[in-house]
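Structure record follows, encoded as structure tokens.
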């Protein structure tokens with residue numbers, strides 16, 4: 001099973017699909033784009049491996065990353 005992502009410094013965790021909904025909501029409601037912070041927090045080696053597989057969407061990228069990750073991804 002893949003890891004989870006937290007957008008609130010580890011207070012709660014969610015799936016990639018749930019996170020993408022929250023990311024989109026933040027972008028639309030507040031003009032805040034969390035994607036750069038998420039990518040910056042990723043393990044470089046795993047991020048590059050996933051990137052080489054050429055996912056088509058940010059959701060697919062995040063799902064693939066979390067599947068490969070050794071730890072949960074914590075942002076915040």
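The values are calculated or read from the model by the stated rules, or taken from the named source; none is laboratory data. Owing to the predicted nature of the structure, the values given are computational and were not obtained by experimental measurement. Neighbour counts run over all protein chains shown; Cβ positions are idealised from the backbone, glycine included.
Observations
- Each residue in the stretch 41-59 was checked for being more than 10 Å from the chain's Cα centre (by Cα), in a helix (DSSP H, G or I) and under 17 Å from residue 3 (Cβ atoms), and 6 of them qualify.
- A search for C-beta distances below 7 Å between a residue of the stretch 22-33 that is in a helix (DSSP H, G or I) and any residue that is exposed (fewer than 13 other Cβ atoms within 10 Å of the Cβ), counting only pairs 6+ apart in sequence or on different chains, returns 26/32; 27/33.
- For the criterion of being in a loop (DSSP other than H, G, I, E, B) and either touching a helix residue (DSSP H, G or I) at 6+ places or on another chain (Cβ under 6 Å) or surrounded by 14 or more Cβ atoms within 10 Å (Cβ to Cβ) (or both), residue 2 passes.
- So residue 21, is it more than 13 Å from the chain's Cα centre (by Cα) and either under 17 Å from residue 74 (Cβ atoms) or modelled with pLDDT of 95 or more (or both): no
- Among the conditions (1) assigned to a helix (DSSP H, G or I); (2) free of Cβ contacts under 8 Å to residues at least 40 places away in the same chain; (3) touching a strand residue (DSSP E or B) at 6+ places or on another chain (Cβ under 7 Å), the only one that residue 12 does not satisfy is (1).
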